[in-house]
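Each value in this text was obtained by applying a stated rule to the coordinates, not by laboratory testing. The structure presented is a predicted model; accordingly, all values stated were derived computationally and were not measured. Here the Cβ positions follow ideal geometry from the backbone for every residue, glycine too, while neighbour counts run over all protein chains shown.
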Amino acid sequence: MRISKTERFSQRALNFYNRFVDLLVIFTLPIVLLTLLISIIIILYDLRLFSAYIVEGQLRLEHEEAFKLLIKNILNFFVLIELFRVFLDVIEYRRIRMRQMLEAGVVFVVREIVVAMFEHRSEYTDMIGYAVLLLSLGITFLLMEKRRETRPVIREVIKQRKPISKELREYYKKLQIEGLDKEH
């Protein structure tokens, strides 16, 4: 079997891309790990500042600010962990998975809500915006999960070559997997 020039070019381009991504991972992974380590060190430092309240036995303005800073940095750490999970998926699957991006988005929005509440700067327009954003992220996540759950059922029906109802055929069109029933 002969390999055409375009197939060889495609194979070389794919090999170049894979090497390039591997190189990026080699340089980026230590930076991401260092960022997580620095984030943990910052949280421990903020905890030390806040624990001074317990030793001194009195609440001062600096301690309240240290507590707010501690909460912010802990929430930032959670956001960094979610983004690190996205990065690991890029390494493992060579693509960005929508589910992990949605989860990171939800964590980030919740972080913003908590920070706004702690700083007492929560205006109703901001909260409505956050609510709409969380609602849209949640609906998108639920629709993606629903779609993922129904695909195996649809494929099983196709494998068994049972007659397909009109409702199921319309559902295929919604999911844009119409090509599956044309194969069988």
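Key figures for this structure:
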read-out: HN-Hα J in Hz across the stretch 66-83 - Karplus 6.51, -1.76, 1.60, θ = phi - 60°, x for Gly and Pro; value: 5, 5, 4, 5, 4, 4, 4, 6, 5, 5, 4, 4, 4, 5, 4, 5, 4, 5
read-out: Estimated FRET transfer efficiency when R0 is 45 angstrom, pair Arg8-Ile74 (beta carbons, to 0.05); value: 0.30
